[in-house]
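A quick write-up on the structure given underneath.
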Amino acid sequence: MKNLTILLAIILFSGVAGAQDTSTVDTYKVAFFSKEASGVFKEMKGTVTTFDDVTPSSLDLSIDVASINTGNGIQNKHAKSADWFHAEKHPNIDFKSSEIFQNEEGIFAKGTLMIYGIGKEVTLPLTITSNEIHHVYKTKFSVNRLDYNMGPKSKVSNSIKIIAAITIKKQ
């Protein structure tokens, strides 16, 4: 009986593991806003693993810091400098989920957000929509830049609003 239970567990686990699909990010948009500066990051890559072709089971995303675009060349250069993102030393902003969960308030991705070499656990709200070709995952949240030791202690807003959307092609 014990062997039968183990065999059933292995079969069930294999079925669940086999039901997951990993897709690379097809298109994306990452925008940030504060009183002093706003803009986008033009380069991002990552993967989304889904259980049922829609609902994510994991997100692994990476933004190229050097791709920042504020619409002002001098401001872009300053943002990439050691005063802010220090793109040479910390070339990426990364998010790797540890859990995707749903409750009465919606769907959330919990994981580590790594900025400026500092990782903080965050929980991001997700909105999921689909069209004929893509599944679209959106989030809106704020980051306290001082939590990541970025920029001067004064003169600039501490809170940066982030709006991000990624799409993956339907399987």
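Could you list, in sequence order, all residues of the stretch 36-93 that are touching a His at 6+ places or on another chain (Cβ under 7 Å) and over 24 Å from S159 (Cβ atoms)?
Once the filter is applied, which keeps residues that are touching a His at 6+ places or on another chain (Cβ under 7 Å) and over 24 Å from S159 (Cβ atoms), the stretch 36-93 yields only V54.
Quick one: in the stretch 31-82, of everything that is hydroxyl-bearing (S, T, Y) and closer than 16 Å to M150 by Cα, which residue is modelled with the lowest pLDDT?
Within the stretch 31-82, the match that is modelled with the lowest pLDDT is S34.
Is it the case that L124 is hydrophobic (A, V, I, L, M, F, W, C), exposed (fewer than 14 other Cβ atoms within 10 Å of the Cβ) and free of Cβ contacts under 8 Å to residues at least 40 places away in the same chain?
Numbers: hydrophobic (A, V, I, L, M, F, W, C): yes; exposed (fewer than 14 other Cβ atoms within 10 Å of the Cβ): no; free of Cβ contacts under 8 Å to residues at least 40 places away in the same chain: yes.
For L124, the condition - hydrophobic (A, V, I, L, M, F, W, C), exposed (fewer than 14 other Cβ atoms within 10 Å of the Cβ) and free of Cβ contacts under 8 Å to residues at least 40 places away in the same chain - is not met.
Select from the stretch 117-155 the residues that are assigned to a strand (DSSP E or B), more than 14 Å from I166 (Cα to Cα) and touching a Gly at 6+ places or on another chain (Cβ under 9 Å) and list them in ascending order.
Of the residues in the stretch 117-155, the ones assigned to a strand (DSSP E or B) are 118-130, 134-144.
In the following step, the residues that additionally are more than 14 Å from I166 (Cα to Cα) were identified as 118-123, 141-144.
Selection gives E121, V122, T123.
So, of the residues in the stretch 51-77 that are touching a residue at least 40 places away in the same chain (Cβ under 8 Å) and touching a Ser or Thr at 6+ places or on another chain (Cβ under 9 Å), which turns out to be farthest from T127 (Cα to Cα)? Step through it out loud before you land on a result.
Taking the stretch 51-77 first, the residues touching a residue at least 40 places away in the same chain (Cβ under 8 Å) are 53-59, 61.
Narrowing the set further to residues that are touching a Ser or Thr at 6+ places or on another chain (Cβ under 9 Å) leaves 54, 56-59, 61.
Values: V54: 11, P56: 11, S57: 14, S58: 15, L59: 14, L61: 16 Å.
It comes out as L61.
Inspect all residues belonging to the stretch 55-75 and state whether any of them is part of a loop (DSSP other than H, G, I, E, B) and under 17 Å from the mean Cα position of the chain (by Cα). Walk me through how you get there before you give the answer.
Going residue by residue through the stretch 55-75, those that are part of a loop (DSSP other than H, G, I, E, B) are 55, 70-72.
With under 17 Å from the mean Cα position of the chain (by Cα) added as a condition, the list becomes 55.
Yes: the stretch 55-75 contains one or more residues that are part of a loop (DSSP other than H, G, I, E, B) and under 17 Å from the mean Cα position of the chain (by Cα).
Would you call I68 closer than 17 Å to V30 by Cα and either surrounded by fewer than 13 Cβ atoms within 10 Å (Cβ to Cβ) or in contact with a helix residue (DSSP H, G or I) (Cβ under 6 Å, 6 or more places away or on another chain) (or both)?
Yes, satisfied.
The values are calculated or read from the model by the stated rules, or taken from the named source; none is laboratory data. None of these values were measured; they are calculated from a predicted model. Note that we place each Cβ from the backbone using ideal geometry, even for glycine, and neighbour counts take in every protein chain shown.
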